[in-house]
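Computed from the coordinates by the stated procedures, all read-outs in this text should not be read as laboratory data. Just so you know, these numbers come straight off a predicted model, no measurement behind them. Backbone-built Cβ (ideal geometry, glycine too); neighbour counts: all protein chains shown.
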Amino acid sequence: MDLSCRANPFITDHRKPLSIPKMPRSSRTHPILIALLLLGLSACGPDPQSAQPGEAPAEATLSPQQLTDLARVKQDAGAYDEAIAYLQKALSADPQFAPAHYRMGTVYEQWDKREEAIAAYRKAVELAPDSAENHLALGLIYGKAVKNELAVKEYLQAARLNPGDAGIHFNIALEYWYLQDIPHAEEHYRKTLELDPKHIQARLNLAGVYEHTKEWEKELKEIAIAQQMGRESGNEQAVRIAGEKLAFLKGRIHMTEEEFKRKTQPPFE
């Protein structure tokens, strides 16, 4: 049985994108902003006379962190090639500088270069294994690449380091659902709601889990709560989904297994 959220409209994907909207190419350079940043950063750097031939003295004397900060400015402008150039300079100065590897991962991810992004995030995790942010970023891109088991592994590490983050547990539950590991999916949806009782998507997805396990009363409870929460928060989409789910469930409860199959499996009647 296909348990993906694409097959079940009531299971919603909530992977948090790391991407920043791409800017037009005309905004690639911000000469005044870069000049001011370089001017301010150069005051903290070593003697400009140490610059290598062909390099601007201000850039050549920047620390790995300062170069990484400049890369972020270029990244925000959509100038990904220039951002990578700054990060390569940072890593040339200090190959073990984990923040530069992480930033490189975000740049490559936004640049739609997934394999390069995975490699950069993996290096960041290797150098800074106690960073929940690094594990989460790697887990997210593994999820996008449909490498669900690897995604779960990284999310679990992120949850260990940051146990109070409901969003991490939601992502874990979603990956377990894709893997058809229903008990663990239920466990982490419940953990999500324990940490954030107003997480409507988790509640609707948990209802989908109970539909799969045919625990109708539990499903009804979660749908009713989600519908009420949607009304209170003005979330019309949640109200609509919950309403559709309730209508489907009411019909399902009064069907025999044979009748249900005739209604939900081809050839449809």
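Structural remarks
- Based on alpha carbons, the Rg and Dmax found for region 50-202 are 18.2, 62 Å.
- Listing TRP111, TRP216, TRP177 from fewest to most neighbouring C-beta atoms within 10 Å gives TRP216, TRP111, TRP177.
- Pairwise label distance in nanometres, ILE182 with ASP76, each label 7 Å out on the Cα-Cβ vector: 4.8
- Net charge in the neighbourhood of GLN96 (other residues with Cβ under 14 Å of its Cβ; Lys, Arg +1, Asp, Glu -1) is -1.
- Ordering ASP112, ASP196 from the fewest to the most neighbouring beta carbons within 10 Å gives ASP112, ASP196.
- Taking PHE170, PHE248, PHE97 and counting other C-beta atoms within 10 Å, the order from fewest to most: PHE248, PHE97, PHE170
- Pairs from the list LYS198/LYS250; LYS153/LYS218; LYS123/LYS144; LYS144/LYS218; LYS147/LYS191; LYS153/LYS191 with a Cα-Cα gap above 27 Å: LYS153/LYS218; LYS144/LYS218.
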